[in-house]
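Nothing in this text is a laboratory measurement; each read-out follows from the coordinates by a stated rule. Predicted model, so just to flag it, every value in this text is computed and none were measured. Methodologically, a virtual Cβ is constructed for each residue, glycine included, from the backbone with ideal geometry; neighbour enumeration extends over all protein chains shown.
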Amino acid sequence: MLYKFKAFTRFFLSLVFVTTVVIIGSVGYVVIEGYSWVEAFYMTVITVSTVGFKEVQPLSDSGMIFTSILIISSIGAFAYSISALTTYFVDGEYRNTFKAARLKKEIDKLNNHVIVCGYGRVGEMAVSELKDHDTTVVIIENDESRCELLRQQGILVIQGDATKDENLEKAGVSNAKALISTMPVDSENLYVILSAREKNSDILLISRASQMNSVNKLRVAGADNVIMPDKVGGAHMASLVAMPDVVEFLDHISIQGSDSINLEEICMEQLPAAMKKSKLGDIIEHNRVGVNVVGLKRSNGEYEINPSPETEIDGACKLFVLGTSEQIRALNRMIKHAQPNS
């Protein structure tokens with residue numbers, strides 16, 4: 001990234017040097033020789049380019065001294081400019097400039113996407129799961145080689161430090177629905193959470209933590225959930241010993257992302273206004289759709305396990321359903337087109 005920045009800077013400086021030489025030369029010929037601006041510009045160009053054309057008008061002694069100084073000073077400027085332009089175009093750096101502009105345009109169009117900060121082992125798994133659920137992801141990663149691999153896969157990636165506000169803004173943090181910070185250093189995750197919460201008060205923030213004493217700090221900073229991969233992994237392995245079949249079954253239905261069976265949440269906000277206050281049995285037709293409602297979450301954060309058909313629900317509820325992908329899609333369609341009982 002630093003090399004690309006330097007290449008672009010050299011390209012910009014080369015244009016500045018050439019323009020400066022042309023301006024100084026033109027002004028000098030107008031002042032010293034009394035040329036018109038067109039004559040002065042023409043004289044400057046043929047002088048600094050050393051093409052050897054005849055002078056517009058015979059030069060005075062002062063004009064010859066000025067021309068000599070102009071030639072000597074322009075040699076270095078043009079040599080530097082040629083080198084910078086060659087590097088910029090031959091090495092393909094101009095393509096990176098256009099790619100960055102195109103990436104910014106794509107991200108500016110996004111809404112309700114997820115930002116993942118850091119693409120290590122944890123970040124890679126998070127991105128994989130999000131892609132399995134057809135979620136648009138923007139990654140912020142500092143490692144150039146990883147960024148290049150992600151671009152080849154067609155993934156939107158910002159190369160840079162996620163703790164810097166400008167990179168969060170480039171990733172569209174103001175329009176994102178969630179941010180996952182998976183960097184191995186807790187202090188870096190803390191900076192990301194603080195910045196993201198400041199820029200988007202409604203965003204869902206999930207952070208990784210390596211140390212137990214960092215969990216509370218991250219929550220105070222604004223994280224909605226804090227995950228300790230080592231703790232989760234150890235507890236998972238212990239559960240495989242204590243109740244292996246149960247854990248394997250839960251793994252299969254919750255994280256495999258296959259079409260065989262899925263455990264998903266369905267928000268009831270899509271209910272028609274007339275059915276915002278209904279009973280579960282009025283909406284879910286178990287026999288026809290084939291899904292099982294294994295739980296629900298109310299707007300106050302309370303959970304109910306295995307709710308009965310008589311359970312009252314509203315538009316702020318979320319249902320947790322178990323079924324195949326096709327069954328869940330059918331349930332979504334049914335809820336969307338549900339009609340109140342006459």
Residue-span extension gain [V31 to V51] - 0.36 nm each, minus C-alpha spacing: 4.9 nm
Cα→Cβ-extended label distance, 7 Å offset, between D251 and T19, nm: 6.1
Chain lengthening between E148 and N292 when straightened (0.36 nm per residue, less Cα-Cα): 47.5 nm
Förster radius 30 Å - calculated FRET efficiency between E304 and M243 (Cβ-Cβ, nearest 0.05): 0.80
Sequence-distant residues sharing a close amide H with Y119 (under 5 Å, placed H): N142
For region 115-125, Karplus couplings with θ = phi - 60° (6.51, -1.76, 1.60), whole Hz, Gly/Pro x: 9, 10, 9, x, 10, x, 5, 5, x, 4, 5
Distance histogram for region 179-255 (every C-alpha pair counted, 5 angstrom bins, percent rounded to whole numbers): 3, 16, 22, 17, 12, 13, 10, 4, 1
Full-stretch length increase - E124, L204 - with 0.36 nm per residue and alpha-carbon distance subtracted: 26.9 nm
